[in-house]
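Where a number appears in this text, it was derived from the coordinates with a stated rule and is not lab data. The shown structure was predicted, so the numbers you read here are calculated from the model rather than taken from an experiment. Cβ placement follows ideal geometry from the backbone for every residue including glycine, while neighbour counts extend to all protein chains displayed.
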């Protein structure tokens, strides 16, 4: 029968094959030499990986420092010019006060002069408040035309004045802490 096995066959199946490996060889075989070069290659790769990772870490740290500097600068600028929108709303009011004050004929006895004297006080208080927050007028008449701070609306032809000189200011310009928030609208002399 197929199902019956002899004692010998069962002993052979249960026995473990002999896999003894010699432990101490005095001479290195070619396999051991190649394993040393392989381990050296792996060691070099790991060292290169470490160097790459250290470089990436330094780069990321530098990026973080630069990011913090940019954010600090943006925050400082935001705080420095936080009032800009409000000031841009107040400047036309100052312009209107100026126009009203120009109506005064310096005759202090009439009703208009008495009324405009109150305007003058309000206007001076408004301009002092604007100066307190860093708002300054841009110089115009008699200065050389500068497209960064002046906006030429018209040109004039006056032989007595130099070329590119501002001859009249139509609307005052202002800076806020050194930044132009409204360019001065001017008439420029052109001799050409």
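With kT/(6 pi eta Rh) evaluated at 25 °C and eta = 0.890 mPa s, and Rh the Kirkwood radius from Cα pairs, region 136-192 diffuses with a coefficient of 220 µm²/s according to Stokes-Einstein. Here r is the Cβ-Cβ distance between residue 136 and residue 82 and R0 is 22 Å; the resulting FRET efficiency, rounded to 0.05, is 0.80. With the simple model of a label 7 Å out from the Cα in the direction of the Cβ, residue 177 to residue 110 spans 4.5 nm.
If R₀ is 25 angstrom, what is the calculated FRET efficiency for the pair residue 157 and residue 98, using the beta carbon separation as r and rounding to 0.05?
FRET efficiency, residue 157 to residue 98: 0.35.
Our estimate of slack between residue 143 and residue 63, defined as 0.36 nm per intervening residue step minus the Cα-Cα distance, is 24.3 nm.
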